[in-house]
Amino acid sequence: MPAEEKLPYLSDDQSKHFRVSSSTPYDRNGDRYWLDYLKINCHPVTDEHVREWPNKPESFRSSLAEYSATVHELAQTLLRLIAEGLGLDDGFFAGDLSGGSTQMNVNYYPSCPDPSLTLGLLPHCDRHLLTVLSQGDVAGLQARHGGRWLLVRPVPGAFVVNLGHQMEIITNGLLASVEHRAVTNTDAARLSVVTLIMPKMECRIGPAPEMVNEATGPAKFREFEFSEFMKAYSAAAASREDVLYYFRIHQ
Ligand SMILES: O=C(O)CCC(=O)C(=O)O
Ligand SMILES: [Fe+2]
């Protein structure tokens, strides 16, 4: 799309169903990041959403609706399997825990003359329940493990699945949300398409009683409404421990 056709979508207004912006949605001391992104509300697909989506190229709206529905189905299958693996009812995550308005982030990291000076995306854990991420064939996603950043190598045709903060809280810490970030490189631009499976805003969240057991110990988090978590996440600029501080039970 030429720049003048993209311009009307440039916005930081979070209520928009389709918008383009730059750098980062979270302000950490005014730092800037090497990123342009699209944020799209894409599930459930409503007329109100679709009216705000671009209609160029012609197939854009129908392709987006189809992709989003397919990824959503995949996510529901994964959630059923996770629930079974945890010994929970297989519909445990269906309904309000995963039924919020789904958002898609399309992140575009242009090639960067000096990747040592900035990141593409700051270190964070995802704020929702589950993430289904497609990263094409250019590497850049890194996950923190044992104090080191490990590259998540692209596998052709495969999705990366991240567990969000809510999964960690519901499982009382058993399935931890992995901190991750995106780095840039000098040679190639990188694109990631990230579908976020969200709880409903009014959904009550806390460790599931079945998950407070000998293996996980006493409840590590208090109960809260998901909308409260979203506010805390923005206030803490997505920093893992700063966000979780608000919700941990401090012994
Ligand atoms: O670009 C990536 O691989 C990471 C994107 C990401 O973590 C996000 O959008 O939450
Ligand atoms: Fe993320």
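The values are calculated or read from the model by the stated rules, or taken from the named source; none is laboratory data. Just so we're clear, the structure is a prediction, and the values are computed from it rather than from any experiment. As a convention, Cβ positions derive from the backbone with ideal geometry for all residues, glycine included, and neighbour counts pool all protein chains shown.
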Given the conditions (1) farther than 22 Å from ALA83 by Cβ; (2) assigned to a loop (DSSP other than H, G, I, E, B); (3) in contact (Cβ under 8 Å) with a residue 60 or more places away in the chain, which single one is not true for LYS200?
(1)
Is there a residue in the range 179-188 that is charged (D, E, K, R), within 12 Å of ligand 1 (Cβ to nearest atom), part of a strand (DSSP E or B) and under 17 Å from the mean Cα position of the chain (by Cα)?
yes
Would you mention how many residues in the range 153-174 are among the aliphatic types (A, V, I, L, M) and surrounded by fewer than 17 Cβ atoms within 10 Å (Cβ to Cβ)?
4
If you go through the range 72-129, how many residues are part of a loop (DSSP other than H, G, I, E, B) and away from ligand 2 (no atom under 16 Å from the Cβ)?
19
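Report, by residue number, each residue of the range 162-178 that is outside any loop (DSSP other than H, G, I, E, B) and more than 12 Å from ligand 1 (Cβ to nearest atom).
Taking the range 162-178 first, the residues outside any loop (DSSP other than H, G, I, E, B) are 162-163, 165-170.
Listed by number, the residues that qualify are LEU163, GLN166, MET167, GLU168, ILE169, ILE170.
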Across the range 101-129, which residue is surrounded by the most Cβ atoms within 10 Å (Cβ to Cβ) among those that are near ligand 1 (Cβ under 10 Å from one of its atoms) and among the charged types (D, E, K, R)?
ASP126
Residue pairs, Cβ under 7 Å, 6 or more apart or interchain, first in the range 71-90 and under 23 Å from GLU214 (Cβ atoms), second surrounded by 12 or more Cβ atoms within 10 Å (Cβ to Cβ) and β-branched (Val, Ile, Thr). List them.
LEU86/THR171
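Quick one: would you say VAL155 is modelled with pLDDT of 95 or more, of a type in the set (Val, Ile, Thr) and assigned to a loop (DSSP other than H, G, I, E, B)?
Values: modelled with pLDDT of 95 or more: yes; of a type in the set (Val, Ile, Thr): yes; assigned to a loop (DSSP other than H, G, I, E, B): yes.
Here the answer is yes, as VAL155 does meet what is asked.
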Neighbours by Cβ (under 8 Å, 6+ apart or cross-chain): first from the range 175-192, farther than 20 Å from LEU117 by Cβ and of a type in the set (Ser, Thr, Tyr); second more than 12 Å from ligand 1 (Cβ to nearest atom) and modelled with pLDDT under 95
SER177/ARG240
Condition check for TYR233: farther than 26 Å from GLU84 by Cα, modelled with pLDDT under 95 and crowded, with 21+ Cβ neighbours inside 10 Å:
yes
Is it the case that VAL50 is of a type in the set (Val, Ile, Thr), surrounded by 12 or more Cβ atoms within 10 Å (Cβ to Cβ) and not in a strand (DSSP E or B)?
yes
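Rundown of residues vs (1) at pLDDT 95 or above; (2) within 16 Å of ligand 2 (Cβ to nearest atom), yes/no style:
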| position | (1), (2) |
| --- | --- |
| GLU168 | yes, yes |
| THR171 | yes, no |
| GLU179 | yes, yes |
| VAL194 | yes, yes |
| ARG240 | no, yes |
| TYR245 | no, no |
Filter the range 132-143 for residues that are in contact with a Pro (Cβ under 7 Å, 6 or more places away or on another chain) and not aliphatic (A, V, I, L, M); which is farthest from ligand 1 (Cβ to nearest atom)?
ASP137
